[in-house]
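Peer 1: Have a look at the structure that comes next, please.
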Amino acid sequence: MNAIAPLPDDKSKAPAVDGALDILEALTQSTLPLTLSEISSRVGMPPATCHRIVGTLLRRELVVRDLQRKKSYCIGARLFQMASTAYFQQPVVSMFHSIADVLKNELHEAVNLSVLAGSKALVVANVVWPFSDAYGRYVGQTSMLHEDASGKAIMSMQPAFVQKLYWDEFIHPGTSAGLSLEAWQQELAAIKRVGYALTQTEGAPGFYTLATAVLNRRGEPLAAMSVSFANNKDVRPHVTPLVQACWQLSARLG
């Protein structure tokens with residue numbers, strides 16, 4: 001496995017914090033528990049420094065000792081608890097499941113719920129249809145807002161100044177995206193008008209994701225519900241049930 005990529009350009013002002021995050025990323029990316037020497041090698045950190053940081057992470061239960069591989073470490077339950085507190089305490093998540101369960105039986109597809117996480121759409125919940133493919137979608141997946149149907153659905157309901165702020169930082173000419181501000185806002189206006197976004201599924205060529213925004217009573221986007229499917233499937237039968245499910249979820253949120 002490749003070493004964790006170093007921070008760009010400027011030297012870190014908090015090397016211990018960066019080191020702790022590098023170690024957590026290395027353990028998260030590994031399919032097996034890692035020894036101290038393996039962690040040190042993967043993050044490019046002196047063994048003594050690695051030992052001190054791992055010791056701190058152990059005390060905070062962000063890292064735990066593995067019971068099967070001697071003198072090795074893996075991600076601790078505390079990290080999952082912190083992540084779930086940040087997102088699953090939101091009422092939209094608890095209300096999503098019953099509505100999505102009905103929708104997946106109607107569409108015969110898995111249904112996903114994504115929320116805004118900075119500049120990305122984060123999948124926080126899904127209800128699986130047992131006979132369908134996941135099409136590259138999974139809980140914990142993140143995608144840039146302009147590259148994902150859920151992100152576009154959420155952004156289409158944001159004020160114009162928020163759309164421009166996002167474009168200024170992540171899409172402006174000179175980036176790989178290369179959209180003009182006018183094109184970006186026209187695309188979002190079209191999505192808002194029809195009520196849904198449709199994009200090719202990231203990391204799964206030949207598959208598409210259909211998404212629509214979940215709103216609160218002030219019309220502000222809280223999340224997006226989505227389904228994914230092969231490109232040979234007609235999207236039209238999916239649109240109305242998905243939009244209606246989002247309206248239902250929005251109504252329950254009040």
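FYI, it's all coordinate maths here, none of it is from the lab. What you see is a predicted model; the values in this text were computed from it and never measured. FYI the Cβ positions are ideal-geometry reconstructions off the backbone, even for glycines, and counts take in every protein chain you see.
Peer 1: How would you rank Cys246, Cys74, going from fewest to most other Cβ atoms within 10 Å of each one's own Cβ?
Peer 2: Going from sparsest to densest Cβ surroundings: Cys74, Cys246.
Peer 1: Which lysines, if any, have their Cα less than 24 Å from the Cα of Lys120, not counting same-chain residues under 8 positions apart?
Peer 2: Here the lysines satisfying the reach criterion relative to Lys120 are Lys152, Lys164, Lys192.
Peer 1: Of the peptides 127-134, 139-146, how do they stack up when ordered by the mean number of other Cβ atoms within 10 Å, highest first?
Peer 2: By packing density, highest mean first, the sequence is 139-146, 127-134.
Peer 1: Please work out how much length the chain gains when fully extended from Ala14 to Glu220, using 0.36 nm per residue of separation minus the C-alpha to C-alpha distance, in nm with one decimal. Don't skip to the answer; put the middle values down first.
Peer 2: Working: separation 206, 0.36 × 206 = 74.16 nm, distance 3.61 nm.
In short, 70.5 nm is gained.
Peer 1: Obtain the nm distance between the two label points defined at Asn231 and Met144 by a simple spin-label model: each point lies 7 Å from its Cα along the Cα-to-C-beta direction.
Peer 2: Taking the simple label geometry, Asn231 and Met144 are separated by 2.0 nm.
Peer 1: While we're on this one: Mean separation of Cα pairs under 8 Å and 6+ residues apart, divided by the residue count of the chain: what relative contact order is that in percent?
Peer 2: It comes to 15 percent, rounded to a whole number.
Peer 1: Once the piece of chain linking Lys71 and Asp101 is laid out straight, how much longer is it, given 0.36 nm per residue of separation minus the C-alpha distance between them?
Peer 2: 6.5 nm
Peer 1: Also, I was wondering about something else. Based on other C-beta atoms within 10 Å, arrange Arg59, Arg218, Arg137, Arg52 from fewest to most.
Peer 2: Arranged by neighbour count, lowest to highest, Arg59, Arg218, Arg137, Arg52 become Arg218, Arg59, Arg52, Arg137.
Peer 1: When only Cα pairs under 8 Å and 6 or more residues apart are kept, what is the percent relative contact order across region 89-142?
Peer 2: Averaging sequence separation for qualifying contacts and normalising by length gives 31 percent for region 89-142.
Peer 1: Counting Lys and Arg as +1 and Asp and Glu as -1, each charge on the Cβ, what is the dipole of region 89-148 about the Cα centre in debye, to the nearest 20?
Peer 2: Dipole magnitude for region 89-148 comes out near 180 debye.
Peer 1: Any idea what the dipole of the chain comes to, in debye rounded to 20, about its Cα centre with Lys/Arg Cβ at +1 and Asp/Glu Cβ at -1? Kindly include the intermediate steps, with their values, before the conclusion.
Peer 2: Numbers: 23 positive and 21 negative charges, 153 e Å.
The calculated dipole for the chain is roughly 740 debye.
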